[in-house]
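The block underneath contains the structure these notes are about, expressed in structure tokens.
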Amino acid sequence: MRSGEEGSMVPEEPCQCPDCLRFYREHDRLIRENPSLKQQQELNWAALQAFRTLAGRVLEDLQKPPEQQADVETPPEDESLQQALADLENVNAHLFSIEVLMERIFDVRVPEAVEQKFQELAGELAPDPLNADRLRLNRLLHQSPDLN
């Protein structure tokens, strides 16, 4: 990592931990398989909706009385459950905000020449291990504890 840049440490080499390697593969696959603006719009919208659907359903289920919850082996301590519920409510609020912003993405229409540029550059971006977005997300992966 570069020194002297507190709060914005960027690795000089891409991280090779399992989480980052999995992210790199997924990042590259999504670019290769969806190399147009329209495909990226649809992909991101579907991913957001899937995340909202699942997070909302989990929150809804956890708010039910324990006897009505789906197959939960051991109920978490009351305090940790309340924190989880608050965290999920925050996640859902953020997802709703993102949805509003993403709706604006669908207003963007580009000529075929621009779509061709998307496809042309997708081949260059997908295998780039030092892509700025990869490195930024790499930092995020390492700032969040692995909850698996």
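All of the numbers you see were taken from the coordinates with simple rules; none came from a lab. Not measured: the values here are computed from a predicted model. Note that each Cβ is placed from the backbone with ideal geometry, even for glycine, and that neighbours are counted across all protein chains shown.
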Kindly identify segment 18-142 as rounded, prolate or oblate by the Cα gyration tensor criterion: order the square roots of the eigenvalues as a ≥ b ≥ c, call it rounded if a/c is under 1.5, otherwise compare a/b with b/c, prolate if a/b is larger, else oblate.
-> prolate
Most positive-pole-ward Cα, 40, 83, 125, against dipole of segment 18-142 from beta carbon charges = 125
By Cβ neighbour count within 10 Å, fewest first, 98, 31 rank 98, 31
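Please find the FRET efficiency linking residue 33 to residue 69, where r is the Cβ-Cβ separation and R0 is fixed at 35 Å, and quote it to the nearest 0.05.
It comes out at approximately 0.45.
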Separation between the residue 97 and residue 41 pseudo-spin-labels, each 7 Å from Cα along Cα→Cβ, expressed in nm?
-> 2.5
